[in-house]
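Asker: Sharing a structure with you now.
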Amino acid sequence: MSLEILGMVGTKEASETRGSFFDGPAVDTAYLTRFAKAHDEAGFDRVLVGYSAVSPDGFAVAGHVLANTKRLGVLIAHRPGFVQPTLVARKLATLDQLSGGGRVAIHHITGGNDADQRRDGDFADHDTRYLRTAEFMSVLRRTLTSDAPFDHEGRFYRFEGAYSTVKPVRPAGIPLFFGGQSDAAVEVGAEHADTYMLFGEPLEQTAERIEFLRAAAARHGRTLRFSLSTRPIIADTEDAAWARAETIAAETRRRVEAAGASSKQQFHTSASEASARMQRAAARQQVYDERLWFGVTALTGPGGNSSGHVGTPQQVADALLRYHEIGVDTFLIRGFDPLDDVIDWGRELIPALRAGADRVHQPA
Amino acid sequence: MSIEFIGIASTSAGSEAQGYSGPAVDPAYLALLVRTHEDAGFDRVLVAHSSAMPDGFTVADQILSRTTTLKVLLAHRPGFVAPTIAARKYATIDAFHPGRIALHVITGGDDADQARDGDISDKVTRYRRTDEFLDILRREWESETPFDYAGEFYQVRGGFSSVRPPLGRIPVYFGGASAEAVRVGGKHADVYAFWGEPLAGIIERIGQVRAAAAPYGRDTRFSVSLRPIPADTEQAAWDRAADILELTREKIGEVKRTFGITGEAQVGSQRLLRYAAEGDVHDKRLWTAIAKATGAAGNSTALVGSYEQVAESLVDYVNVGVSTLLIRGFDPVSDARDYGTLIRLVREQTAEREPISV
């Protein structure tokens with residue numbers, strides 16, 4: 001199976017150590033354009049467009065990315081529960097048609113933070129949300145593929161004569177990505193996801209998780225693709241890469257302390273099981289498998305993916321290829337220096353990953 | 001003030017007279033259609049909404065990326081997207097294309113089309129929901145701090161958007177002819193949109209909306225939607241109108257299948273049909289035969305005459321208080337090009353004056 005490399009775009013410069021998520025205009029159009037083009041030129045397949053209940057709208061951001069790149073695809077993060085699934089299906093199919101076909105995918109996140117759900121008016125609890133996600137994904141897929149109007153009556157949604165005149169360009173349609181590690185999440189993802197997203201956990205835990213999820217999917221007669229998210233920190237020498245990691249940790253620590261109990265901090269916390277797994281790993285040790293580093297994870301507390309592989313481009317590529325050998329076909333890589341890292345990775349890391357993936361696929 | 005001209009965008013070719021065939025999304029056609037509008041002098045294009053059609057947000061974004069000054073009026077039906085998210089969607093598009101997006105609120109006149117996207121509430125309930133939706137939308141756009149809202153339809157806790165309309169606000173257009181519509185639209189609309197009724201009907205409706213808007217201190221503006229059929233001579237225009245009617249009658253089954261919407265439950269449609277029953281031509285040249293043939297499910301009354309005559313009739317609407325004219329034809333691309341003449345004539349005749357209020 002071919003390797004897929006995902007990056008991530010934001011509408012302004014912001015990471016744990018660069019820019020700000022909160023200050024200044026939320027949309028810096030010129031920055032987003034440059035950022036998207038850099039991914040296109042560096043050889044990324046797709047970019048994730050993130051989601052929160054205070055952020056600019058991902059569909060609009062995705063449209064801008066597609067209009068300003070030639071080949072790059074988008075993976076639009078979406079939380080079920082706020083937009084009808086029939087309408088989301090038409091959004092995706094319309095975007096797919098207007099961008100030439102095959103460039104649009106959707107990532108289902110179910111909301112790890114009750115407070116962020118309530119900002120947009122959702123008061124359902126965690127497990128109920130996952131049941132809704134299952135129904136949402138089922139109706140979404142049906143709207144994208146059904147040749148005739150259909151009715152649906154479920155626990156969360158009821159439709160009469162649901163139909164979309166617009167369909168995806170290619171039969172493969174719109175890939176459905178999914179994230180979530182709680183028991184409730186696994187039940188849903190195993191049945192409905194095309195690609196299951198994993199945070200950057202150590203190799204052994206990832207292998208266990210893949211086996212577990214494959215077994216869950218097999219009960220539904222399905223096979224899953226897996227994606228791993230990591231935050232590479234590369235430099236010309238291994239020592240220089242670790243020194244860079246230390247600098248990143250120091251700046252993260254400074255910012256976390258300066259933010260203190262700032263009310264804005266709450267916008268980015270997560271109560272998800274996926275984040276809790278990362279915190280547990282970070283509490284046990286700081287480095288796994290020689291170069292998987294949890295230094296930032298420990299500092300920021302539960303949030304998005306924050307573990308990263310540290311080393312030379314070849315060392316990091318080799319480390320990621322070990323995940324490829326155990327079944328990871330998609331890598332989501334984003335840096336702490338978002339734009340500079342993308343440009344940098346296009347020179348050695350991405351070519352090394354692609355060349356290595358070809359070797360993995362050669363028969364022994 | 002200058003008169004605003006709005007045309008209509010579509011992702012595929014077709015009209016009542018041409019039928020609708022081919023793929024639902026033809027990117028090259030959309031680009032041609034909107035660039036034609038921009039070149040002809042239109043200010044804006046409407047992107048419509050129905051429950052089986054391509055998504056309007058995506059289409060709007062595409063239009064704004066493919067034109068340089070043309071604005072978009074993006075129709076949205078409350079009830080299918082959480083209001084805080086809808087607010088961020090509009091604000092994000094506005095951030096990429098400052099001042100070029102406006103919201104057209106439609107509340108849904110057809111129960112079956114609502115049910116396709118999962119809404120089974122009745123019309124009176126829908127308008128109450130629209131009212132709450134617009135309350136929340138405005139707070140999400142404007143609130144400097146997280147806000148709470150507890151209503152009949154929506155509960156929000158800590159609502160907040162990091163992205164705001166860069167020019168301060170996004171204009172809200174509003175449509176609907178029932179008493180509930182007027183109550184809610186009077187409260188929220190910057191521009192209240194009417195279908196093309198005779199002048200007396202428009203005067204009546206402007207009065208209703210102004211009365212509903214007064215308690216809120218709103219200075220509402222008004223839009224009328226018409227389907228001009230101009231030609232070099234009056235006779236040529238009426239010949240063309242006859243051809244359009246004949247083609248429309250041939251295609252009527254197909255059109256109803258395509259949209260699956262009837263005007264049976266819509267007060268606006270019933271008003272047009274009542275005028276149509278009284279006679280085919282009202283005022284100087286307002287022609288209602290297409291409305292009658294199609295059941296008036298949409299904006300379907302025409303102005304038929306020479307360019308000068310049609311322009312004069314458009315100015316008649318300006319004279320009773322209208323400042324936005326939504327005009328679209330039966331042959332979308334070539335009519336949009338052709339309407340450049342009407343736009344020029346109306347602008348010449350209205351350049352130096354304020355609209356006269358009724």
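Asker: So, in segment A:305-326, exactly how many residues are small (Gly, Ala, Ser), surrounded by 20 or more Cβ atoms within 10 Å (Cβ to Cβ) and on the phi < 0 side of the Ramachandran plot?
Answerer: Residues of segment A:305-326 small (Gly, Ala, Ser): A:306-308, A:311, A:317, A:319.
Cutting the leftovers down to surrounded by 20 or more Cβ atoms within 10 Å (Cβ to Cβ) gives us A:306-308, A:311, A:317.
If we keep only those that are on the phi < 0 side of the Ramachandran plot too, we end up with A:306-308, A:317.
Total meeting the criteria: 4.
Asker: Looking at the structure I just gave you, is residue A:105 open to solvent by less than 30 Å² (accessible area, probe 1.4 Å), aliphatic (A, V, I, L, M) and farther than 24 Å from residue A:334 by Cβ? Can you show your working first?
Answerer: Values: open to solvent by less than 30 Å² (accessible area, probe 1.4 Å): yes; aliphatic (A, V, I, L, M): yes; farther than 24 Å from residue A:334 by Cβ: no.
For residue A:105, the condition - open to solvent by less than 30 Å² (accessible area, probe 1.4 Å), aliphatic (A, V, I, L, M) and farther than 24 Å from residue A:334 by Cβ - is not met.
Asker: Return yes or no: is residue A:81 open to solvent by less than 20 Å² (accessible area, probe 1.4 Å) and out of contact with any Leu (no Cβ under 6 Å at 6 or more places or on another chain)? Before the answer, list the steps.
Answerer: On the way: open to solvent by less than 20 Å² (accessible area, probe 1.4 Å): no; out of contact with any Leu (no Cβ under 6 Å at 6 or more places or on another chain): yes.
So residue A:81 fails the test.
Asker: Being crowded, with 20+ Cβ neighbours inside 10 Å and away from every other protein chain (no Cβ under 11 Å) is the filter here, so list the residues in segment A:11-32 that pass it.
Answerer: Scanning segment A:11-32 gives A:15, A:16.
Asker: Would you check which residues across segment B:176-206 are over 15 Å from residue B:268 (Cβ atoms) and under 17 Å from the mean Cα position of the chain (by Cα) and list them?
Answerer: Of the residues in segment B:176-206, the ones over 15 Å from residue B:268 (Cβ atoms) are B:183, B:186-188, B:190-191, B:199-200, B:203.
Residues satisfying the conditions are B:186, B:188, B:190, B:191.
Asker: Follow-up question, since we're still on this one. For segment A:203-246, name all the residues that are free of Cβ contacts under 8 Å to residues at least 12 places away in the same chain and among the β-branched types (Val, Ile, Thr).
Answerer: Within segment A:203-246, just A:223 meets the criteria.
Asker: Just checking, how many residues over segment A:108-152 are farther than 30 Å from residue B:112 by Cα, within 12 Å of chain B (Cβ to nearest Cβ) and open to solvent by 30 Å² or more (accessible area, probe 1.4 Å)?
Answerer: Within segment A:108-152, residues that are farther than 30 Å from residue B:112 by Cα, within 12 Å of chain B (Cβ to nearest Cβ) and open to solvent by 30 Å² or more (accessible area, probe 1.4 Å) number 3.
Asker: Further question on the same structure: Would you mind telling me which numbered condition in (1) assigned to a strand (DSSP E or B); (2) under 21 Å from the mean Cα position of the chain (by Cα) residue A:151 fails?
Answerer: Status for residue A:151: all satisfied but (2).
Asker: State whether one or more residues within segment A:288-297 are out of contact with any His (no Cβ under 8 Å at 6 or more places or on another chain), more than 19 Å from residue A:177 (Cβ to Cβ) and hydroxyl-bearing (Ser, Thr, Tyr). Before the answer, list the steps.
Answerer: Start the filter on segment A:288-297 by keeping residues that are out of contact with any His (no Cβ under 8 Å at 6 or more places or on another chain), which leaves A:288-290, A:294-297.
This time we only want the ones that are more than 19 Å from residue A:177 (Cβ to Cβ), so: A:288-290, A:294-297.
Checking which are hydroxyl-bearing (Ser, Thr, Tyr) leaves us with A:288, A:297.
Among the residues of segment A:288-297, at least one is out of contact with any His (no Cβ under 8 Å at 6 or more places or on another chain), more than 19 Å from residue A:177 (Cβ to Cβ) and hydroxyl-bearing (Ser, Thr, Tyr), which makes the answer yes.
Asker: Of all residues in segment A:154-181 being outside any strand (DSSP E or B) and among the basic types (Lys, Arg), which is farthest from the chain's Cα centre (by Cα)?
Answerer: Start the filter on segment A:154-181 by keeping residues that are outside any strand (DSSP E or B), which leaves A:154-157, A:163-175, A:180-181.
Retained after the next criterion (residues that are among the basic types (Lys, Arg)): A:155, A:167, A:170.
Details: A:155: 28, A:167: 24, A:170: 23 Å.
The qualifying residue farthest from the chain's Cα centre (by Cα) is A:155.
Asker: Can I ask one more? Given the condition at positive phi and open to solvent by 10 Å² or more (accessible area, probe 1.4 Å), answer yes or no: does some residue in segment B:51-72 qualify? Explain how you work it out, then say what you get.
Answerer: We begin by selecting, within segment B:51-72, every residue at positive phi; these are none.
No, the conditions are met nowhere in segment B:51-72.
Asker: Specify the residue that is least open to solvent (accessible area, probe 1.4 Å); the eligible residues are those in segment A:33-48 that are out of contact with any Asp or Glu (no Cβ under 6 Å at 6 or more places or on another chain) and of a type outside the set (A, V, I, L, M, F, W, C). Lay out the reasoning, then the answer.
Answerer: Applying the first criterion (out of contact with any Asp or Glu (no Cβ under 6 Å at 6 or more places or on another chain)) to segment A:33-48 yields A:33-44, A:46-48.
From what is left, the residues that are of a type outside the set (A, V, I, L, M, F, W, C) are A:33-34, A:37, A:39-41, A:43, A:46.
On the way: A:33: 26, A:34: 131, A:37: 88, A:39: 2, A:40: 25, A:41: 153, A:43: 22, A:46: 21 Å².
By that ranking, first place goes to A:39.
Asker: While we're on this one: In segment B:40-71, which residues are aliphatic (A, V, I, L, M), away from chain A (no Cβ under 12 Å) and touching a residue at least 60 places away in the same chain (Cβ under 8 Å)?
Answerer: If we filter segment B:40-71 for residues that are aliphatic (A, V, I, L, M), which is where we start, we get B:40, B:45-48, B:52-53, B:59-60, B:63-64, B:70.
With the extra rule that they be away from chain A (no Cβ under 12 Å), the set shrinks to B:40, B:45-46, B:48, B:70.
The answer is B:40, B:46.
Asker: Still on this model: Just to confirm my filter: which strands (runs of 3 or more DSSP E) fall fully inside segment B:110-224 and include at least 1 residues that are at pLDDT 95 or above and within 14 Å of chain A (Cβ to nearest Cβ)?
Answerer: Values: elements: B:147-150, B:155-159, B:172-175, B:191-195.
It comes to B:147-150, B:155-159.
Asker: Looking at this structure, is residue B:132 surrounded by fewer than 24 Cβ atoms within 10 Å (Cβ to Cβ) and either among the charged types (D, E, K, R) or out of contact with any helix residue (DSSP H, G or I) (no Cβ under 8 Å at 6 or more places or on another chain) (or both)? Give the steps one after another, and end with the answer.
Answerer: Numbers: surrounded by fewer than 24 Cβ atoms within 10 Å (Cβ to Cβ): yes; either among the charged types (D, E, K, R) or out of contact with any helix residue (DSSP H, G or I) (no Cβ under 8 Å at 6 or more places or on another chain) (or both): yes.
So residue B:132 passes the test.
Asker: Sticking with this structure for a sec: So is residue A:53 out of contact with any Phe, Trp or Tyr (no Cβ under 7 Å at 6 or more places or on another chain), at the interface with chain B (Cβ under 8 Å from one of its Cβ atoms), of a type in the set (A, V, I, L, M) and under 23 Å from residue B:144 (Cα atoms) or not?
Answerer: Numbers: out of contact with any Phe, Trp or Tyr (no Cβ under 7 Å at 6 or more places or on another chain): yes; at the interface with chain B (Cβ under 8 Å from one of its Cβ atoms): yes; of a type in the set (A, V, I, L, M): yes; under 23 Å from residue B:144 (Cα atoms): yes.
Criteria met by residue A:53.
Asker: Give the residues of segment A:153-197 that are within 15 Å of residue A:89 (Cα to Cα), open to solvent by 30 Å² or more (accessible area, probe 1.4 Å) and within 14 Å of chain B (Cβ to nearest Cβ), sorted by residue number.
Answerer: If the condition is that a residue be within 15 Å of residue A:89 (Cα to Cα), open to solvent by 30 Å² or more (accessible area, probe 1.4 Å) and within 14 Å of chain B (Cβ to nearest Cβ), then A:163, A:165, A:167, A:169, A:170 are the ones that fit.
Asker: Next question, about the same structure. Can you tell me which of A:28, A:57, A:23 is of a type in the set (Asp, Glu), in contact with a helix residue (DSSP H, G or I) (Cβ under 7 Å, 6 or more places away or on another chain) and without any contact (Cβ under 8 Å) to a residue 24 or more places away in the chain? First the steps, then the outcome.
Answerer: Values: A:28 fails: in contact with a helix residue (DSSP H, G or I) (Cβ under 7 Å, 6 or more places away or on another chain); A:23 fails: in contact with a helix residue (DSSP H, G or I) (Cβ under 7 Å, 6 or more places away or on another chain).
Testing whether each residue is of a type in the set (Asp, Glu), in contact with a helix residue (DSSP H, G or I) (Cβ under 7 Å, 6 or more places away or on another chain) and without any contact (Cβ under 8 Å) to a residue 24 or more places away in the chain leaves just A:57.
Asker: Residue B:34 - would you say it is touching a Lys or Arg at 6+ places or on another chain (Cβ under 9 Å), under 28 Å from residue B:146 (Cα atoms) and either facing another protein chain (nearest Cβ under 9 Å) or free of Cβ contacts under 8 Å to residues at least 60 places away in the same chain (or both)? Spell out how you get there, then give the answer.
Answerer: Values: touching a Lys or Arg at 6+ places or on another chain (Cβ under 9 Å): yes; under 28 Å from residue B:146 (Cα atoms): no; either facing another protein chain (nearest Cβ under 9 Å) or free of Cβ contacts under 8 Å to residues at least 60 places away in the same chain (or both): yes.
Criteria not met by residue B:34.
Asker: Being in a helix (DSSP H, G or I) and out of contact with any strand residue (DSSP E or B) (no Cβ under 8 Å at 6 or more places or on another chain) narrows it down to one residue among A:30, A:36, A:26; which is it?
Answerer: None of the other options fit; the residue is A:30.
Asker: State which residue is surrounded by the fewest Cβ atoms within 10 Å (Cβ to Cβ) when the search covers only segment A:86-102 and only residues that are within 8 Å of chain B (Cβ to nearest Cβ) and farther than 26 Å from residue A:43 by Cβ.
Answerer: So, considering only residues that are within 8 Å of chain B (Cβ to nearest Cβ) and farther than 26 Å from residue A:43 by Cβ, the one surrounded by the fewest Cβ atoms within 10 Å (Cβ to Cβ) is A:87.
Asker: Out of curiosity, is residue A:329 at pLDDT 95 or above, acidic (Asp, Glu) and open to solvent by 10 Å² or more (accessible area, probe 1.4 Å)? Steps first, answer last, please.
Answerer: Working: at pLDDT 95 or above: yes; acidic (Asp, Glu): yes; open to solvent by 10 Å² or more (accessible area, probe 1.4 Å): yes.
For residue A:329, the condition - at pLDDT 95 or above, acidic (Asp, Glu) and open to solvent by 10 Å² or more (accessible area, probe 1.4 Å) - is met.
Asker: Could you check how many residues of segment A:60-78 are within 7 Å of chain B (Cβ to nearest Cβ) and surrounded by 24 or more Cβ atoms within 10 Å (Cβ to Cβ)?
Answerer: So in segment A:60-78, the residues within 7 Å of chain B (Cβ to nearest Cβ) come out as A:60-61, A:63-64, A:67.
Adding the requirement that they be surrounded by 24 or more Cβ atoms within 10 Å (Cβ to Cβ) leaves A:60-61, A:63-64.
Adding up the residues that qualify gives 4.
The values are calculated or read from the model by the stated rules, or taken from the named source; none is laboratory data. In this text, all values refer to a predicted model and were calculated from it rather than measured experimentally. Counting neighbours? That spans all protein chains shown, and the Cβs are built from the backbone with ideal geometry, glycine included. Please note that ligands, DNA and RNA were not included when accessible areas were found on the heavy atoms of the full protein model with its side chains. Shrake-Rupley method; radii C 1.70, N 1.55, O 1.52, S 1.80 Å.
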